[in-house]
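For reference, the structure discussed in these notes is given below.
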Amino acid sequence: MNYLKSSIGRKQLMGLTGLIWSGFVLSHMLGNLLIFAGSDAYNKYSYALTSNPLLYLAEAGLVVTLLAHVFYGLKLKFENVEARQTRYAMPTNGEKAARFQSKWMAFHGSLILVFIIYHLITFKYGPGVEAGYVTTVDGVQMRDLHRLIVDVFQSPAYVFGYVLCMIGVGFHLSHGFYSAFASLGFYHPKYSDWLSKLGYVYAVVVAAGFISQPLYVYLFAEAR
């Protein structure tokens, strides 16, 4: 426990949990791209995930790492605010200035947390077979998640909110990806710039992948 009481320990835990979720959002984004392959491919993918008995273990691990990430992230934020006795009369510019993403990590991190909760309510715990969202693929009856997604993304307000949140995810990942490796001791002047650029590319790819789904559905798919 002394390790987690130290600033270094908390930052390293933040980095580790952040990387775990970075890997999860990438895999989730890739799975979402199956929307372009059609309803059967998308529903088979969803059914394979939800029918896997290891899903509950994976979800529990994600919840624990998310709660730890949020808790220690807010704790570090409040400690930094309290430690700042005086503010500079003029903002620091250039290399010494904090990156935009770093300054707003707590804000868009909170936005992402709210989005995750609402997203789970809408899709994971939303209407299922009992509400008529049912289909049969290769002789197996399953929840028609594809149809639910198409129905939900017919709303311009939901699409706009989803895109806005995914932009927040991109900002969060672009800084978090870089700082996670730095917190875990992988920082070195020789490749820090390369790692920073990789973080930007990773964030753009993930955010664009997520955003492509609602835009495609809203513009080209029709609700049944």
Among (1) out of contact with any Gly (no Cβ under 9 Å at 6 or more places or on another chain); (2) surrounded by 15 or more Cβ atoms within 10 Å (Cβ to Cβ), where does Ser179 come up short? (1)
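The rows are residues; the columns are (1) among the hydrophobic types (A, V, I, L, M, F, W, C); (2) closer than 28 Å to Tyr133 by Cβ; (3) at pLDDT 95 or above.
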position	(1), (2), (3)
Thr17	no, no, no
Ser22	no, no, no
Met29	yes, yes, yes
Ala37	yes, yes, yes
Phe71	yes, no, no
Val81	yes, no, no
Asn93	no, no, no
Arg99	no, no, no
Phe107	yes, no, no
Could we say that Val152 is β-branched (Val, Ile, Thr), out of contact with any helix residue (DSSP H, G or I) (no Cβ under 8 Å at 6 or more places or on another chain) and within 28 Å of Thr122 (Cα to Cα) here? no
In the range 41-66, residues that are closer than 15 Å to Gly18 by Cβ and either in contact with a Ser or Thr (Cβ under 9 Å, 6 or more places away or on another chain) or modelled with pLDDT under 80 (or both) total 3
With criteria (1) surrounded by 17 or more Cβ atoms within 10 Å (Cβ to Cβ); (2) in contact with a Ser or Thr (Cβ under 9 Å, 6 or more places away or on another chain); (3) modelled with pLDDT of 90 or more, Ser174 comes up short on (3)
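Per-residue answers, yes or no, for (1) in contact (Cβ under 8 Å) with a residue 60 or more places away in the chain; (2) aliphatic (A, V, I, L, M); (3) outside any helix (DSSP H, G or I):
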site: Tyr118; (1), (2), (3): no, no, no
site: Phe123; (1), (2), (3): no, no, no
site: Ile149; (1), (2), (3): yes, yes, no
site: Val159; (1), (2), (3): no, yes, no
site: Cys165; (1), (2), (3): no, no, no
site: Gly176; (1), (2), (3): yes, no, no
site: Ala182; (1), (2), (3): yes, yes, no
site: Pro189; (1), (2), (3): no, no, yes
site: Ala203; (1), (2), (3): no, yes, no
Given (1) closer than 17 Å to Tyr42 by Cα; (2) in contact with a helix residue (DSSP H, G or I) (Cβ under 7 Å, 6 or more places away or on another chain), index of the condition Tyr162 fails: (1)
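The values are calculated or read from the model by the stated rules, or taken from the named source; none is laboratory data. Only a predicted model underlies this, so the values are computations on that prediction, with no experimental measurement involved. Heads up, the Cβs are rebuilt from the backbone with ideal geometry, glycines too, and the neighbour counts pull from every protein chain shown.
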